[in-house]
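Undergrad: This structure is in structure tokens; I'll ask about it shortly.
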Amino acid sequence: MAEGNPSIMEKAEARFVDKQKKTAERNKATAEYMTEAKLRIIKTAKLRELRLAKEEADRVAEALNPTPKKKRVTKKAAAMEAKS
């Protein structure tokens, strides 16, 4: 009976150590996931800010220098030009 106890204790300690390792790995993975999520949120916000700034700059540039619109040529006008 004395020999049985150390083997049970060894098994219990081994299970305990395994649980500790798994918990540490899980905590590390969770921390990595949270870090990546925060970085993704920061990057998305920065890209959104850049996009909005570019769109605003494009609107200002368009307001200062509007592009001329092309006139549509109707069939009648095209036919008249062809006759002349």
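Undergrad: Could you check how many residues of region 1-37 are not charged (D, E, K, R) and not in a helix (DSSP H, G or I)? Break it down into steps so the answer makes sense when it comes.
TA: Start the filter on region 1-37 by keeping residues that are not charged (D, E, K, R), which leaves 1-2, 4-9, 12, 14, 16-17, 20, 23-24, 27, 29-31, 33-35, 37.
Still in the running and not in a helix (DSSP H, G or I): 1-2.
Qualifying residue count, region 1-37: 2.
Undergrad: Restricting the search to region 61-71, which residues are surrounded by 10 or more Cβ atoms within 10 Å (Cβ to Cβ) and either touching a Cys at 6+ places or on another chain (Cβ under 6 Å) or not acidic (Asp, Glu) (or both)? Don't jump to the end; show me each part of the working.
TA: In the first step, residues of region 61-71 are kept if they are surrounded by 10 or more Cβ atoms within 10 Å (Cβ to Cβ); the result is 61-62.
Within region 61-71, 61 is the sole residue that qualifies.
Undergrad: Also, I was wondering about something else. What's the number of the only condition in (1) part of a helix (DSSP H, G or I); (2) exposed (fewer than 10 other Cβ atoms within 10 Å of the Cβ) that residue 40 fails to meet?
TA: Against the list (1) part of a helix (DSSP H, G or I); (2) exposed (fewer than 10 other Cβ atoms within 10 Å of the Cβ), residue 40 comes up short only on (2).
FYI, it's all coordinate maths here, none of it is from the lab. Keep in mind that what you see is a predicted model, and the values were worked out from it rather than measured. FYI the Cβ positions are ideal-geometry reconstructions off the backbone, even for glycines, and counts take in every protein chain you see.
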